[in-house]
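One structure below.
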Amino acid sequence: MEKSIESIWKDGFQNDKGMSAPKVNDIYNKKSIHIIEKFEKMFTVNIWGIVIVSSLLFITSYFTGALFAGSIVLTMMLYVAYTAYHELASLKKIDKSQNSYTFLRSFKDWINRSVDRYGKMYRIVYPVLILSFYIGIWFSNTFTDVREIVAANSDALFFGLHIYTTIFVIIIAIIMSVFSKSIHRGDVKTIYGRILKKLDMALAEMEELSH
């Protein structure tokens, strides 16, 4: 009786050297490489997006009189982009000559480590960005009239900042810092959700066939 595709794949999957269905295994290998290459392209676009957007914000801050805050935002975002660049470099080092399951498993492990590292980094990045945006906007030329109105109608000022508004922003910054890992994990699912779903499905299928 002829073997089913699943049986052929299982035999080849469990024993790469004695592969009885090279074409089937080749399809899985190509599928695995395609998943990672698509992720790499999106990751690269994301890095350039960070650089471009942060640069535009810096230019905007110059013309609105918020250059100091804009400089902080640019520095933080370039640091994020720099970190992402090195993360991408480590991803490209994954050995593509491995069998498709080991290859995708290594990719999955890389994602988990990357999300964890970014989550820790964003504990600082998130609050700094929030406070920088707030202070930059408040002291920008665009908000000159608002500052004058607040100063004329309220004594709750601290170095030109409205105390209660500032406390509210600080609380938001602290919350963002505390939940940075969860927030970043949500961002990853939003941006790369379709690819990650394909990755999980491929791994689940391979694990099922290998039993």
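The values are calculated or read from the model by the stated rules, or taken from the named source; none is laboratory data. Owing to the predicted nature of the structure, the values given are computational and were not obtained by experimental measurement. When we count neighbours, we look across all protein chains shown, and the Cβ atoms used for this are built from the backbone with ideal geometry, even at glycine.
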Exercise. Within the range 119-138, is even one residue over 30 Å from residue 86 (Cα atoms), among the hydrophobic types (A, V, I, L, M, F, W, C) and either surrounded by fewer than 13 Cβ atoms within 10 Å (Cβ to Cβ) or under 20 Å from the mean Cα position of the chain (by Cα) (or both)?
Worked result: no
Exercise. Within the range 110-125, how many residues turn out to be in contact (Cβ under 8 Å) with a residue 60 or more places away in the chain, farther than 19 Å from residue 173 by Cα and not β-branched (Val, Ile, Thr)?
Worked result: 1
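Going by the conditions given, is residue 150 surrounded by 13 or more Cβ atoms within 10 Å (Cβ to Cβ) and touching a helix residue (DSSP H, G or I) at 6+ places or on another chain (Cβ under 8 Å)?
Details: surrounded by 13 or more Cβ atoms within 10 Å (Cβ to Cβ): yes; touching a helix residue (DSSP H, G or I) at 6+ places or on another chain (Cβ under 8 Å): no.
For residue 150, the condition - surrounded by 13 or more Cβ atoms within 10 Å (Cβ to Cβ) and touching a helix residue (DSSP H, G or I) at 6+ places or on another chain (Cβ under 8 Å) - is not met.
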Exercise. How many of the residues making up the range 153-193 are surrounded by 13 or more Cβ atoms within 10 Å (Cβ to Cβ), in contact with a Lys or Arg (Cβ under 9 Å, 6 or more places away or on another chain) and of a type in the set (Gly, Ala, Ser)?
Worked result: 2
Problem set entry | Residue list for the range 69-100, filter: outside any helix (DSSP H, G or I) and aliphatic (A, V, I, L, M) | 94
Problem set entry | Single condition residue 103 does not satisfy, out of (1) farther than 17 Å from residue 38 by Cα; (2) in a helix (DSSP H, G or I); (3) modelled with pLDDT under 85 | (1)
